[in-house]
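Q: Quick one: structure below, then a few questions.
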Amino acid sequence: MGSLTKMEEELVVGEGWSKEAILYVNGVRRVLPDGLAHLTLLQYLRDIGLTGTKLGCGEGGCGACTVMASCYDQHMKKMMHFAINACLAPLYSVEGMHIITVEGIGNRQRGLHPIQESLAQAHGSQCGFCTPGFIMSMYALLRSNKQPPTEEQIEENLAGNLCRCTGYRPIVDAFRVFAKTDDSLYTNSTSASSSTSQTICPSTGKPCLCGSSSEAYGRKQHRPISYSETDGSSYNEKELIFPPELLLRKVLPLSLHGFGGLKWYRPLRLQHVLDLKSCYPEAKLVVGNTEVGIETKFKNVQYRVLIWVTHVVELNALNVGEDGIEIGASVRLTQLQQVLQKVVAERDGHEISSCRAILEQLKWFAGKQIRNVASVGGNICTASPISDLNPLWMASNAKFQLIDCKGKVRTVSAKDYFLGYRKVDIRHDEILLSIFLPWTRPFEFVKEFKQAHRREDDIALVNAGMRAHIREENGDWIIADVSIVYGGVAALSISSSRTEKYLMGKKWDKKLLEDVLNVLKEDINIPEDAPGGMAEFRKSLTLSFFFKFFMWVTHEMNVKGHFKEGLHATQLSAVQPYSRPSSCGSQSYELARHGTAVGLPMVHLSSKLQVTGEAEYTDDTRTSQNTLHAALILSRRAHARILSIDNSRARTSPGFSGLFLAKDVPGSNKLGPVVANEELFASEVVTCVGQVIGIVVADTHENAKAAANKVEIKYEDLPAILSIRDAVDSGSFHPNTARSLVNGDAEWCFKSGSCDKIIEGEVQVGGQEHFYLEPQSCLVWTVDSGNEVHMISSTQAPQRNQEYVANVLDLPLSKVVCKTKRIGGGFGGKETRSSFIAAAASVASYHLRTPVKIVLDRDVDMMITGQRHSFLGKYKVGFTNEGKVMALDLEIYNNGGNSLDVSVPVLERAMFNSENVYDIPHIKIRGQVCFTNFPSNTAFRGFGSPQGMLITENWIQRIATELRKSPEEIRELNFHNEGTVLHYGQVLENCTIRQVWDELKISCDFQNAREAVSSFNRQNRWRKRGVAMVPTKFGISFTAKHMNQAGALVQVYTDGTVLVTHGGVEMGQGLHTKVAQIAASSFNIPLSSVFISETSTDKVPNASATAASASSDLYGAAVLDACEQIKARMEPIACRQKHSSFAELVCACYMERIDLSAHGFYITPNVGFDWKVGKGTLFSYYTYGAAFAEVEIDTLTGDFYTRTADIVMDLGYSLNPAIDIGQIEGAFIQGLGWVALEELKWGDAHHKWIRSGNLFTCGPGTYKIPSVNDIPLKFKVSLLKGVPNPKAIHSSKAVGEPPFFLASSVFFAIKDAIIAARAEEGLNEWFPLDNPATPERIRMACVDSFTKHFASPNYRPKLSV
């Protein structure tokens, strides 16, 4: 190594390498010292106080960290503005650039940018954690385009940003005002439309009158502003320009260092790269860091030398020649897209078939932020078996040019380059120089294929590149050359060599298709236990893709007049490309105004803070220099005895400050929200992978993680229970969890002859990850040397955090304070599971007497904090020939995991909702919580109700199949009525389900929609549409009576402003906004005069968790109680004389020594349930809703999209219709994820390719929540009018959870489409379909000649439950 070091020194000194790194951030010059090569841009930005840029996942999959990078392209002589993921960008990679964060484009002090203003006013920010990322993606799009973007471009541009709250519709509407919809709006002409005061409607992009009514609620509309050449895109007079210094500054090669001896180089010339490669053969060449960043963060891969090759001219070549295109290895994917678009537009059609295919594939390649930085060469050299482009390079006869350290160039065919799993034909002394893509010849066709869990921004399950060159011989068309290449079916992208050989020289006709499929099915072999699983599905896709290719070529030749016979009209659906138009939404509601604020569509109180990045979350809290960072020591076994723990290596790890185990807990090591059957730190036995064994603290988050990973634990493995079925079969249940509800006599009914038919079956219900954008986080510190403990926590239940911490530290509750300002989404996942994390951090803080911060990485968060419970339901249903349900006998089991948590009340809720909205005379329901060796499952939006109702709707749909009727007929026939007595004894009052249902039928024009779908299905063999209408009923109240209480503190100040504190937590649902509206209306003052700062256990004690959708009812009523107390005290003063303002009245009261502070309290009246008799009044009232959905599926691939969603809900007189509609849309899209996209895959008997007990889907790379392109094309929400609710404050109704289940309309519409597909094969009987209805389940249910090669018509893809 000594000689190499000398060579390195000569190289650096001799070539004039620099150690000076300069960066501009929001217009401020920053000099970066040497030694920071290990940092990402995100870490740096947050370290310097720019916390608007968020850490959501750390792998470039959520977009929360999006910033805009600007640089001057020396070759193109133009400014470049592009969005990037700061979490993946190494700090030095943006040297010489101008980075603009959300703080740089606008704030409350100097004014909001129009993008920020528009998003805030359009209700596009709920929890707000993802908001800065969306703002910056849109900002970069506007700055990088001379012309306003189209609506389609806007939606495509946002595909790399995830939101869990809003359902995306208001975000799209907010940004739509910047789209080009009417040329006159974007010119300087003084046309009538642009010179008037009309505002621009966010839904249509055209002038409308809605602005006039909106202004009454404090809304300010922004008109689109044209592009300005001065500084990029001048949407704001204070727009930051590109720093002149960076334009004039000479770019130099860089030689820098990082932690742990990391060397980081940025060469400028190819020779520099070759010299470095000669010195360091193992060095990693990096461009976008999209792969290396993942390896180093999540796979603990360590690279000692990184060579950043973005500035090497020779590697950035993009030359269009006579024979094809030469593409430099460092060319970014976005650049390649732009060049290919130009080529496709300019060159002859027969030359560009491969260019078109690559261009189409790039549309679905990751998000825009990734494409902006990822390189062509990086994708090739990574050699991923699921690379989207490698099959196309191989199929297109591309050539790769490699150059060694001596400058010798050799050429390798793409087909010969890939040798094995992530192994390629490249020597240690070589690098990839360029790719040559030849033009296609006349009658040469290249086509791309890809199927993923989610269409946008997702890795492939299977992809392919196919090419066929045919020529005419004696009137026949003969295959002269062919390539069939697949990805996702082996350890590398592979050619179907036997199939290719068979095809050569064959005549292109229908008989060939039949013959070649028999060859192809034997050519691709995927073992049952192959990584990724889904062997039957993936093998079916290989045939489906070739079939599509064959049909496409046939169609193309027919259209061009070369084939006399083309495709039958019904077969054209096999080749129709997917093209998504822009989505549109509509909202309908009435205003029931009460006072100054209640009933008005006010924007979220924190919206302006959120769109500017000024809103603070737990991890944004400013901390003292002595704050330590924590990482958890986690079990790696599903069930095992701990034999020994060796922490010696951890204690010598850099930055280490402390390590604490079960023996170090000062108080009790046992905890739990209902039953304390969970250990804080596992002491002797671990019962799941991810169980916490201890905690390590160090000076940085990275050092804490590194130390935790060095703790060596020896185990003795024990038998593990890894599914509900295993638990049921072995009697593995949590103690005292059996529950039973009986109404009538189901057994007698089955035997009495009252039932014309009886069916029995099982329903599996999949779980769901919360995927709140803000990870679990907590900051704990001690006061008076541990006499008190304070914390700031991202939790829905500050009081539970207080209890847990007091319990483990053996402190009284009065000495523990938990504060929560806001959280970045919760959905139930921060109701109980946040508390043990806070407790773990508190142990370290208590011992060390120093602040400790813990922020879970996304993969750890998903692995250890639990999900929505999976369920197994076993039903027996009796019904008449008309479809009237007479009796139900149901057994249900939920997967509780390794501790009880709230699994019992979740099970009970499922049992209470197991009839949905249907009147069933005889019901018997039994349930039990299964003990399994998985992390404890927990609360999630709906709290068991969706699972219970989904089981119900499955057997409703089966009844319809048995009777040859539509499910909608069966549903309507069995509806509850006013006065119906439910199976748990409650009498229905104010039942509006029929009103909701009837309005929805009119709104969606159901009969015509059904007929249109039937007509479409008759005309299309390979694409099918389906429709469904589904109702819901959700009871409002905690089922535990004691939790239905709320406290609030209201304080009126002498300037007339009001401070409200209550026990509820703001997590994006608009709770603080609604409560403030109630206070404002009570005092008859503007909403702006009311402020809610935070939730704190030292202000309002003993608060229930913010859950059960009841918080607005509870805390709104408590605040109103406090306000009324104060008003009553003020009344005598107010009656003496008139006061010009509320502030004047307050001052008068103050002078009279009137108490202007009050504690309000509220309990939900008349609720209670006795399990001994199984009867009671569980709920204060019910929220009703119904939804219609229309979907279209590709029967050959399992792909689907939602064409229409129409929702009607009864929310009484809405406290804030804009917020309520946002909740409906957000819940619906989250529910859509549950029923159709989001699949949890655990290491169990069905997934042996996953390590036992481990969660495979532990990040956005493998777990897919809906993106902006998954929302319905037409998204309509209506609130039922004229139905006040007498049971809640100001006649309103709760909204958070009830709409979630309505997304099952999409699930049953998918099943309706599958029914049409199966009918083509003569299969008309009922079949099971599990949720989520992923492409695998859709494809395998659409039985055809392709699937029959690999699975029976009754095949049921495996599901972790």
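The values are calculated or read from the model by the stated rules, or taken from the named source; none is laboratory data. Computed from a prediction, not measured in an experiment: that's the story for all the values here. Reconstructed Cβ throughout: ideal geometry from the backbone, glycine too, with neighbour counts over all protein chains shown. Quick note on the areas: whole protein, heavy atoms, side chains included, nothing else; ligands and nucleic acids left out. Shrake-Rupley method; radii C 1.70, N 1.55, O 1.52, S 1.80 Å.
Q: Starting from the Cα of Lys564, draw a straight line to each of the aspartates and glutamates and keep only those under 13 Å, dropping any in the same chain fewer than 8 residues away.
A: The qualifying aspartates and glutamates are Asp476, Asp509, Glu556.
Q: Given a Förster distance of 41 Å, report the FRET efficiency between Glu1011 and Asn1166 from their Cβ-Cβ distance, rounded to the nearest 0.05.
A: Working: r = 47 Å, r/R0 = 1.15.
Computed FRET efficiency for Glu1011 and Asn1166 comes out at 0.30.
Q: Projecting each Cα onto the charge dipole of segment 1153-1223 (Lys/Arg +1, Asp/Glu -1 at the beta carbon, about the Cα centre), which of Thr1202, Ala1218, Phe1169 comes out farthest on the positive side?
A: Among Thr1202, Ala1218, Phe1169, the one farthest towards the positive end of the dipole of segment 1153-1223 is Phe1169.
Q: To continue, here is another question. Note the full-extension length gain between Glu20 and Lys250 as 0.36 nm times their separation in residues minus their Cα-Cα distance, in nm to one decimal.
A: Values: separation 230, 0.36 × 230 = 82.80 nm, distance 1.18 nm.
Using 0.36 nm per residue and subtracting the Cα-Cα distance, I get 81.6 nm.
Q: Let me ask you something else. Under a plain spin-label model, where a point goes 7 Å from the Cα along Cα-to-Cβ, how far apart in nm are Tyr578 and Glu891?
A: 4.0 nm
Q: In percent, how large is the relative contact order of the chain, given Cα pairs closer than 8 Å and 6 or more residues apart?
A: On the way: 3303 pairs, mean separation 147.6, N = 1361.
RCO, the chain: 11 percent.
Q: To continue, here is another question. How large is the accessible surface per residue of the chain, computed with a 1.4 Å probe and reported in Å² as a whole number?
A: Working: 46940 Å² over 1361 residues.
Spelled out: the 1.4 Å probe surface of the chain, per residue, equals 34 Å².
Q: Could you tell me what percent of the DSSP beta bridges with both partners in segment 864-935 are antiparallel, to the nearest 5? Walk me through the intermediate numbers first.
A: On the way: 9 of 19 bridges.
Beta bridges within segment 864-935, antiparallel portion: roughly 45 percent.
Q: Can you tell me how segment 1275-1361 classifies by the Cα gyration tensor, rounded, prolate or oblate, using a/c under 1.5 as the rounded cut? Each step should come with its number before you reach the end.
A: On the way: a/c = 4.27, a/b = 2.80, b/c = 1.53.
Verdict is prolate for segment 1275-1361.
Q: Roughly how many Å is it from the Cα centre of segment 525-541 to that of segment 614-683, as a whole number?
A: 39 Å
Q: A further question on this structure: Place a point 7 Å from the Cα of Lys1274 along the Cα-to-Cβ direction; which residues of segment 1189-1213 have their backbone N under 15 Å from it?
A: 1189-1192, 1202-1208
Q: Assuming 0.36 nm per residue, please report the length gained on full extension of the stretch Thr382 to Ser785 beyond their Cα-Cα distance. Intermediate results must be reported in sequence, preceding the final value.
A: On the way: separation 403, 0.36 × 403 = 145.08 nm, distance 5.24 nm.
Extra length available between Thr382 and Ser785 comes to 139.8 nm.
Q: For His257 and Lys1248, what does the FRET efficiency come to when R0 = 41 Å and r is the distance between their Cβ atoms, rounded to the nearest 0.05?
A: On the way: r = 44 Å, r/R0 = 1.08.
After rounding to 0.05, the efficiency reads 0.40.
Q: Arranged from highest to lowest average of other beta-carbon atoms within 10 Å per residue, in what order do the peptides 557-567, 761-771, 365-375 appear? Write down the numbers at each step before the final one.
A: On the way: 557-567: 12.8, 761-771: 23.3, 365-375: 25.0.
Taking the mean over residues of other Cβ atoms within 10 Å, the ranking is 365-375, 761-771, 557-567.
Q: Quote the FRET efficiency, to the nearest 0.05, computed for Gln109 versus Lys564 with a Förster distance R0 of 51 Å and r equal to the Cβ-Cβ distance.
A: Once the sixth-power term is evaluated, E becomes 0.10.
Q: Suppose only helical runs count, i.e. DSSP H with n ≥ 4. What mean residue ellipticity at 222 nm does that imply for the chain under -39500 (n - 2.57) per run, divided by all residues and rounded to the nearest 500 deg cm²/dmol? Intermediate results must be reported in sequence, preceding the final value.
A: Values: 40 runs with 405 residues, N = 1361.
Calculated mean residue ellipticity at 222 nm is -9000 deg cm²/dmol.
Q: Checking understanding here: applying a Kyte-Doolittle mean of at least 0.0 and a length along the axis of at least 15 Å (C-alpha), which whole DSSP H helices in the chain pass? Don't jump to the answer; show the numbers that get you there.
A: On the way: long enough: 2-14 (18 Å, 0.09); 131-144 (20 Å, 0.74); 333-346 (20 Å, 0.26); 353-363 (16 Å, -0.05); 510-523 (20 Å, -0.40); 535-559 (36 Å, 0.34); 798-809 (16 Å, -0.91); 833-848 (24 Å, 0.76); 945-963 (27 Å, -0.12); 993-1004 (16 Å, -0.09); 1006-1019 (20 Å, -1.05); 1071-1083 (18 Å, 0.60); 1111-1136 (37 Å, 0.05); 1217-1236 (28 Å, 0.81); 1304-1319 (22 Å, 1.17).
Helices meeting the span and hydropathy rule in the chain are 2-14, 131-144, 333-346, 535-559, 833-848, 1071-1083, 1111-1136, 1217-1236, 1304-1319.
Q: Then there is this: Show me 540-553, 662-675, 1147-1160 ranked by packing, highest mean number of other Cβ atoms within 10 Å first. Please list the in-between numbers first.
A: On the way: 540-553: 23.7, 662-675: 17.4, 1147-1160: 15.4.
Most protected by this proxy first, the peptides run 540-553, 662-675, 1147-1160.
Q: Using a 1.4 angstrom probe on heavy atoms only, work out the carbon and sulfur share of the accessible area of segment 573-671 in %. Walk me through the numbers before you get to the answer.
A: Working: 2100 of 4500 Å².
Whole-percent figure for carbon plus sulfur exposure: 47.
Q: Under the rule a/c < 1.5 gives rounded, and otherwise a/b versus b/c splits prolate from oblate, where does the chain land using the Cα gyration tensor? Numbers along the way, then the final one.
A: Details: a/c = 1.44, a/b = 1.19, b/c = 1.21.
It is rounded, given that a/c, with a ≥ b ≥ c, falls under 1.5.
Q: Would you kindly state how much longer the chain becomes between Gln153 and Arg1136 on full extension, computed as 0.36 nm times their sequence separation minus their alpha carbon distance, in nm to one decimal?
A: On the way: separation 983, 0.36 × 983 = 353.88 nm, distance 6.32 nm.
Length gained, Gln153 through Arg1136: 347.6 nm.
Q: Which of rounded, prolate, oblate describes segment 433-472, given a ≥ b ≥ c as roots of the alpha-carbon gyration tensor eigenvalues and a/c under 1.5 marking rounded, otherwise prolate only if a/b is larger than b/c? Don't skip to the answer; put the middle values down first.
A: Values: a/c = 3.86, a/b = 1.69, b/c = 2.28.
Because a/c hits 1.5 or more and a/b fails to exceed b/c, segment 433-472 counts as oblate.
Q: According to a simple spin-label model (label point 7 Å from Cα along Cα-to-Cβ), what is the distance in nm between Lys1358 and Lys1127?
A: 6.3 nm
Q: Out of all DSSP beta bridges in the chain, what portion is antiparallel? Express it as a percent rounded to 5. Mind showing how you got there, number by number?
A: Details: 171 of 212 bridges.
Roughly 80 percent of the beta bridges in the chain run antiparallel, per DSSP.
Q: While we're on this one: Among DSSP bridges having both ends in segment 841-964, what percentage is antiparallel? Round to the nearest 5.
A: Numbers: 9 of 19 bridges.
Here the share of antiparallel DSSP bridges comes out near 45 percent.
Q: Relative to the Cα centre, what is the charge dipole magnitude of segment 641-751, using +1 at the beta carbon of each Lys and Arg, -1 at the beta carbon of each Asp and Glu, and rounding to the nearest 20 debye? Kindly include the intermediate steps, with their values, before the conclusion.
A: On the way: 11 positive and 14 negative charges, 38 e Å.
For segment 641-751, the charge dipole is close to 180 debye.
Q: What nm value, rounded to one decimal, do you get for the distance between Glu346 and Lys77 when each label is placed 7 Å out toward the C-beta?
A: 1.7 nm
Q: Please give the charge dipole size of the chain, origin at the Cα centre, charges +1 on K and R Cβ atoms and -1 on D and E Cβ atoms. Round to the nearest 20 debye.
A: Approximately 580 debye in magnitude.
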